[in-house]
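This report concerns only the one structure given below.
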Amino acid sequence: MSRLIVLRPEPGASNTMAKAAMLGIATTACPLFRIAPIAWAPPPATDFDALLVTSAQAVRTGGADLARYHGLPSYAVGKATAQALDAAGFRNVTVGNTDGAAIAARIVADGHRVVLHLAGEDVAPFDPGPLRIRREALYAAVEAADRAALAAVLEPDTVLMVHSPRAGGRLNALVDEAARHALHIVAISPAALATCGEGWASARAADAPNDTAMLALAALLCEGHSHAKHADGGS
């Protein structure tokens, strides 16, 4: 079976690797970024109708000040973000499993207009519609692994998991075109896939923006490459 390389920061990398292990996939972590909390001055909860969180990392780095927003209706992009909010004491959480624009439309439909958005320093743009959004950056993704570190874990038929557009862009910058023909990309979304560049042996976005869908696609790739090696007499 081919090896899977997880490029996301911790603790997400370890979580993904644990899920991959349950599927019998050999996995290595090579995070392209590390998470650095950003000091912030929490605005009054009374200024807002609702809370929007687009990353579980924002919950992990927000600290004790997050508790002041427990009374707001909360909206999360992705199951992992919703789970992080639940662990932080939020009880009125609506989950959106697509993107920021879809959850913004849901917030509008629920009758809210003024929203506090907790996120990282880099946020994928989305159409807020009639919402008035105040964004607070709670963390930054700082570059970690370099070209040499990534090259050390790559081998033919390696499958690379790309969890964000920024990770795709950095991967595109770190891997030479000559090395790409034997490497495969599994991206969390079409937006993440678009930043990875061209020349890969294969490059696909998962059917849904979550680990379950990404790992299902990665498992097919890893297993398929393993069968091909055996058919050719490889080990």
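Among the residues of this structure, ALA213 does not count as one that is farther than 27 Å from TRP40 by Cβ, open to solvent by less than 30 Å² (accessible area, probe 1.4 Å) and assigned to a loop (DSSP other than H, G, I, E, B). When ALA88, ALA67, ALA109 are screened for being under 13 Å from ALA45 (Cβ atoms) and at pLDDT 95 or above, only ALA67 passes. So in the stretch 174-194, with the set limited to residues that are within 20 Å of ALA149 (Cβ to Cβ), out of contact with any strand residue (DSSP E or B) (no Cβ under 7 Å at 6 or more places or on another chain) and modelled with pLDDT of 95 or more, which one is surrounded by the fewest Cβ atoms within 10 Å (Cβ to Cβ)? The extreme case among them is LEU174.
One residue is enough: does the stretch 124-137 have a residue meeting the conditions in a strand (DSSP E or B) and touching a helix residue (DSSP H, G or I) at 6+ places or on another chain (Cβ under 6 Å)? The answer is no, given that none of the residues of the stretch 124-137 is in a strand (DSSP E or B) and touching a helix residue (DSSP H, G or I) at 6+ places or on another chain (Cβ under 6 Å).
Exactly one residue out of ARG166, ARG170 is surrounded by 21 or more Cβ atoms within 10 Å (Cβ to Cβ) and outside any loop (DSSP other than H, G, I, E, B): that is ARG170. Of all residue pairs spaced 6 or more apart or on separate chains, those with beta-carbon atoms under 7 Å, a first member in the stretch 194-221 that is in contact (Cβ under 8 Å) with a residue 24 or more places away in the chain and a second member that is open to solvent by 20 Å² or more (accessible area, probe 1.4 Å) and among the basic types (Lys, Arg) are ASN210/LYS79; ASP211/LYS19; LEU215/LYS19; LEU217/ARG204.
Out of SER202, SER164, report the one residue that is under 22 Å from ALA216 (Cβ atoms), over 14 Å from the mean Cα position of the chain (by Cα) and among the hydroxyl-bearing types (Ser, Thr, Tyr).
That would be SER202, the only listed residue that is under 22 Å from ALA216 (Cβ atoms), over 14 Å from the mean Cα position of the chain (by Cα) and among the hydroxyl-bearing types (Ser, Thr, Tyr).
The criterion of at least 3 residues that are touching a residue at least 40 places away in the same chain (Cβ under 8 Å) is met, among helices (runs of 4 or more DSSP H) falling completely within the stretch 1-112, by 12-22, 56-62, 100-109. Of the residues in the stretch 100-109, not one is closer than 18 Å to VAL6 by Cβ and open to solvent by 30 Å² or more (accessible area, probe 1.4 Å). Within the stretch 120-137, restricting attention to residues that are of a type in the set (A, V, I, L, M, F, W, C) and modelled with pLDDT of 95 or more, the residue that is most open to solvent (accessible area, probe 1.4 Å) is ILE133.
Scanning the stretch 1-46 for residues that are farther than 17 Å from VAL153 by Cβ, hydrophobic (A, V, I, L, M, F, W, C) and either touching a helix residue (DSSP H, G or I) at 6+ places or on another chain (Cβ under 7 Å) or surrounded by 17 or more Cβ atoms within 10 Å (Cβ to Cβ) (or both) yields LEU23, ILE35, ALA45.
The values are calculated or read from the model by the stated rules, or taken from the named source; none is laboratory data. Keep in mind that this is a model prediction, so the values were computed, not measured. Using ideal geometry, Cβ is built from the backbone for each residue, glycine included, and neighbour counts are taken over all protein chains shown. We work out accessible area using only protein heavy atoms, side chains counted, and drop any ligands, DNA or RNA first. Shrake-Rupley method; radii C 1.70, N 1.55, O 1.52, S 1.80 Å.
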